[in-house]
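Below: the structure, in structure tokens.
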Amino acid sequence: MTVSEIDAGDVAIFTWTLLQIGLTLLYGVRSPWRASQAGRILFTSFCCTSIALTQVSVTLLTDSGYPLRDIVRPIAYTLGILGTLVMIVLLLRMQRKDSQ
């Protein structure tokens, strides 16, 4: 594993990653997100974004050379796909229910 040279874009993605993880933790711990379907959708979105940004940040930081990368990437992105599909289904249900 080597540490890559960090440029302004890398700093921006690292900062966004840290802010997104912070937002996810704050929302997950301090908000009653389980109380509504909208809250569950939002929390799922925050989690998926945090996972994807973390994977991208680690890849940038290590020049794609971190251990188990070939295992972590497909798992992280598949979780993102599944989470997004669930969010779409829940959102469509909510919208259908609201329009009736």
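Residues that are loosely packed, with under 14 Cβ neighbours inside 10 Å: list the helices (runs of 4 or more DSSP H) wholly contained in the stretch 2-100 that include at least 3 such residues. Step through it out loud before you land on a result.
Values: elements: 8-30, 37-62, 69-99.
Result: 8-30, 69-99.
I'd like the full set of residues that are touching a Pro at 6+ places or on another chain (Cβ under 9 Å) and among the aliphatic types (A, V, I, L, M), limited to the stretch 1-43. Correct list: M1 only. I'd like the residue in the stretch 62-100 that is among the polar types (S, T, N, Q) and over 21 Å from T49 (Cβ atoms) and, out of all such residues, is modelled with the highest pLDDT. In this case the residue turns out to be Q95.
The values are calculated or read from the model by the stated rules, or taken from the named source; none is laboratory data. Model, not experiment: these values are computed from the prediction. Virtual Cβ from ideal backbone geometry, glycine too; neighbours counted across all protein chains shown.
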